[in-house]
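Peer 1: Quick one: structure below, then a few questions.
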Amino acid sequence: MGRREQRTELDGRYRHMLSEIAAMTYPIDAYSMWKGVEAPLHPGAERYYRQHEYLK
């Protein structure tokens, strides 16, 4: 399964919920989903986000 299919599947898990109560926002935006997270990113996740220019 490619990234686009994975994102579509994940979006679909939350799309039926009101955005005020959903665990995640949708559509998923990789450029902002890491913001406001109080826990540090896993080093592999941070590397991935930097390589794809999601972290700036």
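Peer 1: With label points built 7 Å along Cα→Cβ from the Cα atoms of residue 46 and residue 28, find their separation and express it in nm.
Peer 2: 2.2 nm
Peer 1: Would you mind putting 47-56, 34-43 in packing order, based on average other-beta-carbon counts within 10 Å, highest first? Intermediate results must be reported in sequence, preceding the final value.
Peer 2: On the way: 47-56: 12.2, 34-43: 8.4.
Packing order, densest peptide first, comes out as 47-56, 34-43.
Peer 1: How much length would be gained if the chain were fully extended between residue 17 and residue 53, taking 0.36 nm per residue of separation minus their Cα-Cα distance, in nm to one decimal?
Peer 2: The span from residue 17 to residue 53 would gain 10.0 nm if fully extended.
Read-outs: derived from the displayed coordinates by stated rules, not from any lab. Just so we're clear, the structure is a prediction, and the values are computed from it rather than from any experiment. For neighbour counting, all protein chains shown are included, and Cβ atoms are generated from backbone atoms with ideal geometry for every residue, glycine included.
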